[in-house]
Amino acid sequence: MKILIINAGSSSLKYQLIDTADESVKAKGLCERIGIDGSMLTHKAVGKDDYVIESPMPTHKEAIKLVLDALVDADHGVVASVDEIAAVGHRVLHGGLKFTESTLVDTKVKEVIKECFPLGPLHNPANLMGIEACEAAMPGKPNVAVFDTTFGMAMEPYAYLYGIDPKYYEKYSIRRYGFHGTSHMFVSGETIKFGNLPEGNQRVIVCHLGNGASISASKGGKCVDTSMGLTPLEGLIMGTRSGDMDPAVVQTIANGEGISVDEVLTILNKKSGVLAMSGVSSDFRDLGNAAAEGNERAQLALKAFRYRVIKYIGAYTAAMNGVDAITFTGGIGENDFTVRRDVCASLEYLGIKIDPEKNSIRGKKIEISTPDSKVKVFVIPTNEELAIARETVRVAGLA
Ligand code: AMP
């Protein structure tokens, strides 16, 4: 069975066609500059030459039409007709308080996605456009919304509530939601399976370390806590985001610089993190090179990033009264062995020991802890598209 996965951004649309028989990717691609001059589609299909089309895409509707045309194209396509696509799975950023599960899309669901625009102002409108474009292009085909926030909806109130008057929760739905939920769900589940963790409430900490970075604690695959909050700004120091901070910093910068709260928030989201701390880059490869050449700001930024990861692992171990497995994922977690090495070196108190040789392997599903380590440590590449495909099959009742 073939499932189309759509991840729509405001001016872009990523897609994958996944064959659920062997969970392989048959084709994938990207529409760029939707609504802007110079729109183009890059399409890659298994066993076919890459295909680039420059064609106007004033809206997501034209983008979806080009994607479907590419999928059925005689030379570059992978299906004879769109009828072969059983369902479409959509990545949706924010499900607000209403969605605690992935959901089959209907009119009501679309209304709620719209109600959540204030919580996900950049992503939710684009996600809805992607859904509506698929509905128009493939009438009657099941569309499933898989929310980035659903994993975090399993948190208990004492974990998700901020220490503020509950009237703000009632009025504005202010709580900790957590993001990268699809990745945390997938990787925690894979950790339990791959690690052969004994049945029960397996206590797993997933470190999703990429340009955006977050850590989750889960028991038996259910989220206990996760480091991002109302928005993806909370938690770890990231590529360009500050992570945890005293809110008074916002006031101090706004008053000091004579700028608005919104402007400070833009700085904290886009011009902070290791980028600002190092003055070099948000990319860990550049930071690693600069640090190796003796750049002290880059060295400090990397140390601060790792320190925050170590602190969260300690906090989440305490929150679960122990931990059975820790898994690294995301661009940094999967590839940067120095981050894993330095983080694990500070976890000796948990009886964690890693095998340096296994840890030096890149981007592969592997256990990096030694047989006598008290906690298993893994690297598991994340695969959000596959997680969405599996959810789509389950929710659309196609299993
Ligand atoms: P993501 O947002 O998950 O795509 O991750 C992006 C981050 O992963 C960037 O900071 C990259 O520098 C980092 N990354 C990707 N490949 C490597 C690598 N081979 N070594 C170190 N960092 C890497």
Condition met for VAL25 (of a type in the set (Val, Ile, Thr) and under 23 Å from ALA87 (Cα atoms)): yes
Could you tell me which of the residues ILE237, ILE215 is within 16 Å of the chain's Cα centre (by Cα), assigned to a strand (DSSP E or B) and at negative phi? ILE215
Filter the stretch 230-249 for residues that are surrounded by 13 or more Cβ atoms within 10 Å (Cβ to Cβ) and more than 21 Å from ALA301 (Cβ to Cβ); which is farthest from the ligand (Cβ to nearest atom)? LEU230
Among the residues of the stretch 309-351, count how many are more than 16 Å from the ligand (Cβ to nearest atom) and hydroxyl-bearing (Ser, Thr, Tyr). 5
Given the structure, is ASP37 surrounded by fewer than 12 Cβ atoms within 10 Å (Cβ to Cβ) and in contact (Cβ under 8 Å) with a residue 24 or more places away in the chain? no
Give the stretch 366-383 a look and list any residue that's assigned to a loop (DSSP other than H, G, I, E, B) and away from the ligand (no atom under 16 Å from the Cβ), or say none. THR370, PRO371, ASP372, SER373, LYS374, VAL375
Would you call ALA304 more than 12 Å from the ligand (Cβ to nearest atom), among the small types (Gly, Ala, Ser) and closer than 26 Å to THR191 by Cβ? no
Condition test on ASP50, is it surrounded by fewer than 15 Cβ atoms within 10 Å (Cβ to Cβ), farther than 30 Å from LEU230 by Cα, touching a Lys or Arg at 6+ places or on another chain (Cβ under 9 Å) and of a type in the set (Asp, Glu)? yes
Does at least one position in the stretch 327-338 carry a residue that is assigned to a helix (DSSP H, G or I), among the aromatic types (Phe, Trp, Tyr) and surrounded by 20 or more Cβ atoms within 10 Å (Cβ to Cβ)? no
For the stretch 270-301, the count of residues that are surrounded by 19 or more Cβ atoms within 10 Å (Cβ to Cβ), within 11 Å of the ligand (Cβ to nearest atom) and under 18 Å from ASP342 (Cα atoms) equals 3
Listed residues GLY210, GLY200, GLY220; which is among the small types (Gly, Ala, Ser) and either touching a residue at least 60 places away in the same chain (Cβ under 8 Å) or under 26 Å from ASN269 (Cβ atoms) (or both)? GLY210
Looking at GLU263, GLU257 in this structure, which one is over 20 Å from the mean Cα position of the chain (by Cα), more than 26 Å from GLY96 (Cα to Cα) and modelled with pLDDT of 95 or more? GLU257
Quick one: would you say TYR349 is out of contact with any His (no Cβ under 9 Å at 6 or more places or on another chain), among the aromatic types (Phe, Trp, Tyr) and surrounded by 15 or more Cβ atoms within 10 Å (Cβ to Cβ)? no
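The values are calculated or read from the model by the stated rules, or taken from the named source; none is laboratory data. Quick caveat: nothing in here was measured; it's all calculated off a predicted structure. Here the Cβ is made from the backbone with ideal geometry for all residues, glycine too, and neighbour counts use every protein chain on show.
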